[in-house]
Amino acid sequence: MKIYWFIGVFLLTVGQSRAQTYSLQALKDMLLQNNGQLIAQKYQIAASDALVVQEKLWSNPTLSISEVNLWKNGTSETLPYLFGKYGRQQQVAVELEQLIETAGKRKKRISLKSLERKDALLDYEELLRELQFELDEAYWSYMAVSRKESLVDSIVNLYQNLENQYKRQSDLNNIPKSDYLRIQAALINFEKDRVELYADKNNWLTKIKVLTQNETIENLQIEQSEVPLNLSQKIPLDIEHQLLDQNIGYQKQINERDKAKQQLLIEKAERTPNLTFQLSYDRGGNIMRDFVGAGVSMDLPIWNRNKGNIKAAESMAKHAESQRNVLLSQLKGQLKDLQYQVALYEVTLLKSKNIASEERKAMIANYQKHLQKKQITLLEFIDFIEAYQETETGIVDMTLAYQMAHAQLQYLTGQKF
């Protein structure tokens with residue numbers, strides 16, 4: 001009895017593993033968890049965080065020890081011992097220096113590093129959206145190829161049956177040999193199409209596996225989804241506002257402009273000299289045996305007032321602002337084009353829906369009956385089948401383009417609708 005119990009558990013486990021299916025959302029969840037590119041980009045964010053922390057640190061003070069005599073000569077004075085019986089003729093000078101940056105240079109550099117950290121965050125978000133869009137494209141293209149494959153399979157089955165019938169009739173000399181050869185040629189062409197579709201389907205499946213880092217996904221595990229024909233109604237009325245708030249390319253360009261402005265502030269601050277405070281101790285090197293003094297030093301901004309760097313930073317800031325305006329115009333144009341495409345595809349697909357796919361399939365059965373009754377010629381039948389395939393394939397391609405235009409709108413705005 002035990003062996004039957006083990007066999008039952010094994011079959012149940014295998015059945016469950018094979019029954020597991022993956023929706024588009026499940027595939028996106030796997031991409032977010034497993035994709036190596038996203039994981040690597042997170043390290044860039046961590047590195048940017050560390051650079052912000054580093055920029056917040058003050059400059060280290062400088063300690064210098066000098067004027068230490070290694071021997072004495074006849075002019076040396078007698079001094080108190082330093083420690084024990086050592087140091088009666090020992091001279092030494094110690095100086096401690098601390099750089100103090102003026103005009104808020106340190107805070108301005110921290111702000112610049114924070115903007116660079118934002119770049120890393122935007123890069124991660126951009127990569128995530130690009131990968132999600134690639135997954136959308138792979139998934140819906142896989143669906144489209146699967147539908148084309150089913151279509152061609154049905155036509156191949158039809159022609160295989162006709163080939164058997166025409167071969168028998170040709171062998172009996174009831175029909176011309178040329179009719180049998182025409183059927184055979186048409187069958188070979190559709191079988192070639194099926195092989196190409198099979199290869200294309202596997203290519204999209206491989207891309208899904210790579211994006212999700214899941215090599216165990218098989219054809220039967222991808223959930224079939226239908227594209228709703230009301231996507232235009234889901235587009236928000238304030239989509240242009242969302243575009244400006246959420247588009248990664250636009251946000252990155254704004255960040256570039258802000259970085260250029262921040263760099264300009266830094267270059268202007270560099271006109272103000274920094275201060276270096278000094279605290280020194282001199283033993284036996286001055287009129288006092290133990291001298292303690294304080295001082296300050298600074299550059300005199302006579303020859304170099306950082307004019308060149310300021311001018312260059314001003315030009316870069318103007319360039320970044322100009323690029324932002326250009327990108328804004330391009331995004332608005334792209335947004336309108338995609339909205340128009342979605343609306344146009346939707347109208348055309350709704351028109352094609354008036355003649356249901358089942359009705360078109362029924363027409364094939366009717367044509368096949370007419371062919372058998374010799375009410376139409378073989379060439380007319382073959383022309384109809386080719387036209388039927390072309391129509392069905394066109395609808396599948398248009399549906400894919402319709403879905404991808406909607407997906408690209410979501411990619412541009414960073415919103416799901």
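Below is a table of values for the structure above.
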quantity	calculated
Given the chain, longest segment not containing exposed loop GluC sites (Glu not before Pro) (DSSP; at most 10 other Cβ within 10 Å)	227-417
Rel. contact order, % - alpha carbon contacts under 8 angstrom, at least six apart, the chain	23
Cleavage-rule hits (trypsin sites (Lys or Arg not before Pro)) in segment 325-417: DSSP loop, at most 12 neighbouring Cβ within 10 angstrom	K353, K373, K374, K416
For segment 285-336, alpha-carbon Rg and Dmax in angstrom	26.3, 84
At most 13 other Cβ within 10 Å, DSSP loop - trypsin sites (Lys or Arg not before Pro), segment 128-179	none
Directionally averaged projected area (convex hull, Cα atoms, segment 169-261), nm²	13.6
Rg/Rh for the chain, where both radii come from Cα atoms and Rh is the Kirkwood radius	1.30
Overall Cα dimensions of segment 342-417, principal axis frame, Å, largest first	58, 19, 16
Relative contact order computed over segment 154-226 (Cα-Cα under 8 Å; 6+ residues apart), in percent	25
Solvent exposure, largest accessible area first (probe 1.4 Å, DNA, RNA and ligands not counted), of L371, L63	L63, L371
Principal axis box of segment 183-323, alpha-carbon based, largest edge first, Å	116, 41, 31
The chain - accessible surface per residue (Å², probe 1.4 Å)	61
Which of L27, L237, L70 is most accessible, then next, and so on - probe 1.4 Å	L237, L70, L27
Probe 1.4 Å, all protein chains present, accessible-area order of W58, W204, largest first	W58, W204
Sulfur and carbon atoms: percent of accessible area, segment 157-295 [1.4 Å]	50
Net charge, I248 excluded, C-beta distance under 10 Å - Lys, Arg +1, Asp, Glu -1	-2
Choice from V156, V195, V296 with maximal GNM fluctuation in the chain (Cα, 10 Å cutoff)	V296
Over segment 236-383, relative contact order from alpha-carbon pairs under 8 Å, at least 6 apart, %	22
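The values are calculated or read from the model by the stated rules, or taken from the named source; none is laboratory data. Everything numeric in this text was worked out from a predicted model, so none of it was measured. Because the Cβ atoms are built from the backbone with ideal geometry, glycine has one as well, and the counts that use them run over all protein chains shown. For the accessible areas, the whole protein counts, side chains as well, though only heavy atoms, and no ligand, DNA or RNA atoms are used. Shrake-Rupley method; radii C 1.70, N 1.55, O 1.52, S 1.80 Å.
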